[in-house]
Amino acid sequence: MKKTVRSLGYSIEGIFDAWRGERNIRNFVIFHAIFCILGFIIGIHLLFLIILTFAAAYFLTIELLNTALERLADAFDDQEKKKHGGHYHIGVKAAKDVGAAASLIALLLYIALLSICSLPSLLVWFPGLYV
């Protein structure tokens, strides 16, 4: 039980560290919270908001993994630069780019679901949008 509690503490510490250090995570969480509040106001179906929240959690999971990968790559890169006189390992850039691509795909999924889930309510509020 002690190990489980300790692991939970590390997880919470990681979330707070990412919140403090990653502007994209903060901006996304704030945007999603505002959207959910507006979603209730304009009448987006609760099931759609739940689906969007799962997509948001998916994006945040990928973004947290990307953040961990970037920090590990940066630590490795710093050591390599010290050893090799300022040159970085070519794999570090590739790893960071692939992590960023994973975050982008998760964000595009969220945006697509946001659009699909919002459209019915927006058409009710703004009937002129439907052509």
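The values are calculated or read from the model by the stated rules, or taken from the named source; none is laboratory data. Since the model is a prediction, treat every value here as computed from it, not as a measurement. Positions of Cβ are generated from backbone atoms using ideal geometry, with glycine treated the same way; all protein chains shown enter the neighbour counts.
Just a few scattered comments:
- For the range 1-25, filtered to residues that are acidic (D, E) and assigned to a helix (DSSP H, G or I), the residue that is farthest from E63 (Cα to Cα) is E13.
- Test: residue in the range 49-67 that is at pLDDT below 90 and either touching a helix residue (DSSP H, G or I) at 6+ places or on another chain (Cβ under 6 Å) or under 26 Å from G21 (Cβ atoms) (or both): no
- Any hit, the range 61-81, residues being surrounded by 16 or more Cβ atoms within 10 Å (Cβ to Cβ) and outside any helix (DSSP H, G or I): no
- Residue ID - farthest from T67 (Cα to Cα), chosen from residues in the range 78-97 that are touching a helix residue (DSSP H, G or I) at 6+ places or on another chain (Cβ under 6 Å) and either hydrophobic (A, V, I, L, M, F, W, C) or at pLDDT 80 or above (or both): V92
- Qualifying residue in the range 41-53 (condition: within 15 Å of the chain's Cα centre (by Cα), in a helix (DSSP H, G or I), surrounded by 10 or more Cβ atoms within 10 Å (Cβ to Cβ) and not hydrophobic (A, V, I, L, M, F, W, C)): yes
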